[in-house]
Structures are given as structure tokens and as C-alpha cells.
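Structure first, then comments.
The values are calculated or read from the model by the stated rules, or taken from the named source; none is laboratory data. All figures in this text were calculated on a predicted structure; none of them were measured in a lab. Cβ: placed from backbone, ideal geometry, glycine included. Neighbour counts: every protein chain shown. When the accessible area is computed, the model is the full protein with side chains, heavy atoms only, and any ligands, DNA or RNA have been set aside. Shrake-Rupley method; radii C 1.70, N 1.55, O 1.52, S 1.80 Å.
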2 protein chains.
Amino acid sequence: MINRLEDLLSTLQAASTLEDLQSVIEALRDYYNVSHAVYHWVNSVGERFGAGTYSAEWVDRYLEKDYLRIDPVIFGCFQRFTPVSWKELDWSSKAAREMFQDALAFGLGNQGFTIPIRGPNGQFALFTLNDNVADEDWERFVDQNTHDLMIIAHELNKKALAFEKWGEESSSPSLSPRELSAMTCLAKGMNRAQAAAELQISEHTLRVYIESARHKLGAMNTTHAVARALSTGIIIV
Amino acid sequence: MINRLEDLLSTLQAASTLEDLQSVIEALRDYYNVSHAVYHWVNSVGERFGAGTYSAEWVDRYLEKDYLRIDPVIFGCFQRFTPVSWKELDWSSKAAREMFQDALAFGLGNQGFTIPIRGPNGQFALFTLNDNVADEDWERFVDQNTHDLMIIAHELNKKALAFEKWGEESSSPSLSPRELSAMTCLAKGMNRAQAAAELQISEHTLRVYIESARHKLGAMNTTHAVARALSTGIIIV
DNA sequence: CTGAGCCTCGCCATTTTTGGGGAGTGCAAA
DNA sequence: TTTGCACTCCCCAAAAATGGCGAGGCTCAG
């Protein structure tokens, strides 16, 4: 049992496999003496990556019932910046309340605290602690530990990003300044005539840049090229 | 002079005007005894929001020379998740090195440490400390203070979001599932025929989604719509 | 000094996208 | 229950983008 936060962070930073990460999450749960600790990556598509102490049954249930789409935790965190205690979220929808009851039946505690984490290219993940205690106790717990938990959440996500080899397409092609400008104009919604005017070049020259950028980015069309330029971060709108 | 971090954070949390925020940033600079501290929001359009101790001359210069586009700090941080010391960034471009020299001439220190911060709807901001010390001293400083600085960065951004009421006017419009799918397909480079086949609907129906998404996103054309969907984070490629 | 990459310009034909019209079903909240 | 919104389908003509053919001047590094 790890009983110092620094040791926990060191263990986390040293983790080199998914199993290591899972152990760290379990150690976290024990360290904070709560029912569950979970880190998971969220995509529109579905769960690409995660580690936690929820039962396999609950995870299956969650996926099977497509709770991802109605879970106020996901939804709420996606739209906010700061960590949140579950009680603060919007449980007004019937489906959400049913999900909550279902969760209790599957062994989750009635209290939760979730930290949203955002990485490059729209990456989004959550780190959650869950427990079964009274409101005021949970509030006190959260107040005391928020900052530490935020650091932990950050370190967890750092590891997850490293594991997922997010930098695999690391060699984002380098576009020339004019090509970048052209992409930026298009991303801002200009058509070719407007963009050419903006850059003070002929529309044809602009086309050359767009084509060139498209080829460099390996894109099928202009929209694709702009999408790639945006999501690799080589242009910012 | 504030000399306890907790007091600094309390002051920050109590800040209710931009001037308050500016004072906190200055207090931060003094607390850490560095040359400069800066928080700023980043958009291609330009600085919408920021507070810092850089001289007005340098800020003007920065904007005037469009350094936003070549600054490796902006660039590097946009593509990474973790905080970074400036020395670790890519200064190989000539323009970047010239900018650095220029910065020194305007009173910036040779060392920097910048924390990228991401909020909902693709919001992106940076928190930077800048100083003039030897490499090893800076490294030690960074090692000792990274976690605290991350918390501060988070709190700063929380304040900034509250001020700009980002969640109010520029909250990203909600697209329907089909509209999101359509946008995603286009962002992946499909043309309308391919996307329609992918979604198993007629090309015309697909058009309806695209148009609808375009209107909701306030976009001029398809490329613009996809760009907005990507940069607000409502779709991920 | 030579090649590579960047910046600039033009024309033609074809494909794709866009901007207007409509029209009907079903679900879920007000 | 009504109202709204999401989802699905169709036609036509105009506008925009694409693909492929050129060309020359510039700078920077090998």
C-alpha cells in the first residue's frame, strides 16, 4: 500500500505498461480510500482507452446501454473547464436518473468527483473518484484534495497520451508560409476569390498553394486539407 | 507583497475585474521572483484576452510583426499536452530565432516556461513565466514549481473563462448526430457521394445535413463549417 | 553554380458543390 | 395535443472547385 502522494506520482511516471497504469489507479483508490477510481478517454466513437476499478459488469452495461450518450458526467464535463462533483450536474433528464439508479445497483457509490482533461487535437479524457458517503463529507473530501487530484489527472493523461502513441503521426508535414496562409484563409471560410484578395495574389497562384498543401498533407480535397492542418495544429483558427 | 501561495490563489479566486487579474499576475511575478508572468488566450484572430507583465512595446511589436504565427511557444504548446521550458522547443527556423533575439532586445529573459491550457469549445490559452537565468537554475526552478504553476494556470483560465463568459455567447451550437457524422465524414476527406454511401443515405439527404450544420455553425461554406466543428471540438478526426 | 523549393501568373474542360424550390414521417418535449 | 426538431427523399441551374497543361524569377544550401 502506497501512502505518500509523491510515491504514487513517481510510480505513475514510471509506469510503462497498461497493467502498471491499472495498478496505479488501484493504488489511487486505496490511497484516497474511496470506492472507485477511473481514468478514461472519451471519443465520439467510443472508449479507446481507459483504466479503472469499476466492475467489468458495469463497464459492459454502460457500453451496452449506450450510457455514454446520456451520462451527465460526460456531457457536463465536456462543456465545462473545472472539475465537478456529480451532485452539481444536471440530472433532470429521466434517462439520466435511471442510469444513476442502475449505477448504484452495480456497486457504484452515490458520490462522484470528475476532472475533465483536454489534450491536443480535441483529445478529451476524464478522471473520476467515486464513493459512498454523505454529501458534506464528500464536499470536504473534494475541497481538500482537488488540487492534488488535478495534478494526478494531468499525469494520468500524460501517460495515456504516451501509450496511445499519439505522436505516431508526429511528422506533420511542414507547409510553406504562403501555404499556411492559404489554409488559414480557407479555414476562416473565405472562398478562393476572397482568399486571393486577402493574400494579394492571383486566384491561380492561390490554387497552386492549395494544391501543394493538399499534396503535402496527403488530403483528398480542400476540406480534408484544412481539417488536417487544423487537427495537427499547424494552423489555428 | 504576497508571500504565500494560498494567499495568491485566494486573491485570484476573489478577482472580479480585469484589473484584479492583472494585479494577481504581477503578484505572481513577484512571488516567483521572475522577470515576467503572462496569461493569454490564443486565437488566430488575435489576442482576445490576456494579462501580463510584458511591456506594451513588446506586445505591440509582437502583434505588429505577426509573431503569433511563428512563435515556437504558441506552436509547440498547441501540439503538446504538458508544460514546456522554452529551451526544449524547436528554434530551428530562422524567423523564430530572429523573434527570440527581438524579444531579448525588448526586455524578455532568455528562459521561459509555458503551460498550455485547454477549455471547452476548443478554447486555448497559455500561462508563461519568463526570466533571465542560467539553464540549470531554470531547470531547477521549473522542477520545483511545475505542479503549483499548473494549478495557478488552471485557476487563471477559470477566471478568464468566467470573465469572457465563453459559455454564453460563443457556446458551440449543438449539431444533431447525423449532422455530426456528416461533418466527420467530410473532415475525413470524403466527398458527398462517399459520405452519403458511408452514412447509407441519399446524397441529397446528406446535403441537407451539411447545409443545416453550416447554418448552425454560422459558416460560409463547407470547409468553414468543418473547420469550425473541428476547432470547437464538436467533432474529432 | 546548380538544383530544389518557393512565389508568381494564365487558360480550358470537367467535376463538384451550392442555392433555390418542395414533401412526408416520426419522436419527444412543452 | 401541438409544436418543434430530426430524418429522409427529389429536381434544376448557377457557381465554385479541381485537374492538367504551361511559364518565369527568386533565394538558399550543397
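Please state the shape class of region A:40-176: rounded when a/c is under 1.5, otherwise prolate if a/b exceeds b/c and oblate if not, all from the C-alpha gyration tensor. Because a/c hits 1.5 or more and a/b exceeds b/c, region A:40-176 counts as prolate. Averaged over the residues of peptide A:111-117, the number of Cβ atoms from other protein chains lying within 10 Å of each residue's Cβ is 1. Label point of A:SER23 (7 Å along Cα→beta-carbon): distances to the other copies' equivalent points are 5.0 nm, sorted ascending. Tell me the carbon and sulfur percent of the accessible area for region B:1-136, rounded to whole percent, probe radius 1.4 Å. Heavy-atom surface of region B:1-136 belonging to carbon and sulfur, 1.4 Å probe: 48 percent. With a 1.4 Å probe and all protein chains left in place, how much accessible area per residue does chain B have, in Å²? In whole numbers, chain B has 46 Å² accessible per residue.
If you take all other residues with their beta carbon under 15 Å from the beta carbon of B:ARG214, and give Lys and Arg +1 and Asp and Glu -1, the sum is +4. Take the accessible area of chain B alone and of chain A alone, subtract that of the pair, and you get about 3600 Å² summed over both chains, using a 1.4 Å probe. Given axes a ≥ b ≥ c from the Cα gyration tensor, I'd like to know whether the protein assembly as shown is rounded (a/c under 1.5), prolate (a/b larger than b/c) or oblate. Oblate, because a/c is 1.5 or more while a/b does not exceed b/c. The mean count of C-beta atoms from other chains within 10 Å of the C-beta of residues in A:183-189, rounded to a whole number, is 5. Residues with beta-carbon under 12 Å from that of B:HIS36, excluding B:HIS36: net charge, scoring Lys, Arg +1 and Asp, Glu -1? Neighbourhood net charge equals -2.
In this structure, A:PHE106 and A:HIS204 have a Cβ-Cβ separation that, at R0 = 60 Å, corresponds to a calculated FRET efficiency of about 0.45. Each Lys and Arg adds +1 at its Cβ and each Asp and Glu adds -1 at its Cβ; summed about the Cα centre, region A:106-152 shows a dipole of about 360 debye. For chain A, the longest principal axis of the C-alpha atoms and the axis of helix A:5-14 are separated by about 50°. By definition, a body whose alpha carbon gyration tensor gives a ≥ b ≥ c is prolate when a/c is 1.5 or more and a/b is larger than b/c, and chain A fits this prolate description.
Computed over protein heavy atoms with a 1.4 Å probe, the carbon and sulfur contribution to the accessible area of region B:177-231 reaches 49%. With a Förster radius of 51 Å applied to the C-beta separation of A:SER172 and A:GLU98, the computed FRET efficiency comes to 0.70. Near B:THR184, once Lys and Arg are set to +1 and Asp and Glu to -1 for all other residues with Cβ below 12 Å from its Cβ, the sum equals 0. Each copy carries a label point for B:GLU211 at 7 Å from Cα along the beta-carbon vector; from one copy to the others these points are 3.2 nm apart, nearest first.
The angle between the Cα long axis of helix A:177-187 and the main principal axis of chain A comes to about 70°, on a 0 to 90 degree scale. Taking 29 Å as the straight-line reach from the Cα of B:LYS158, the lysines in range (excluding those fewer than 8 positions away in the same chain) are A:LYS87, A:LYS158, A:LYS159, A:LYS188, B:LYS87, B:LYS216. Sorted shortest first, the distances from the B:ASP137 label point to those of the same residue in the other copies are 5.1 nm; each point sits 7 Å from Cα along Cα-to-Cβ.
Over chain A, DSSP H runs of length four or greater, each weighted -39,500 (n - 2.57), average out per residue to a 222 nm ellipticity of -17000 deg cm²/dmol. Put a plus charge on the Cβ of each Lys and Arg, a minus charge on the Cβ of each Asp and Glu, and nothing anywhere else: the dipole of region B:1-125 about its Cα centre is then about 440 debye. Rounded to the nearest 10 degrees, the angle from helix A:18-32 to the longest Cα principal axis of chain A is 50 degrees.
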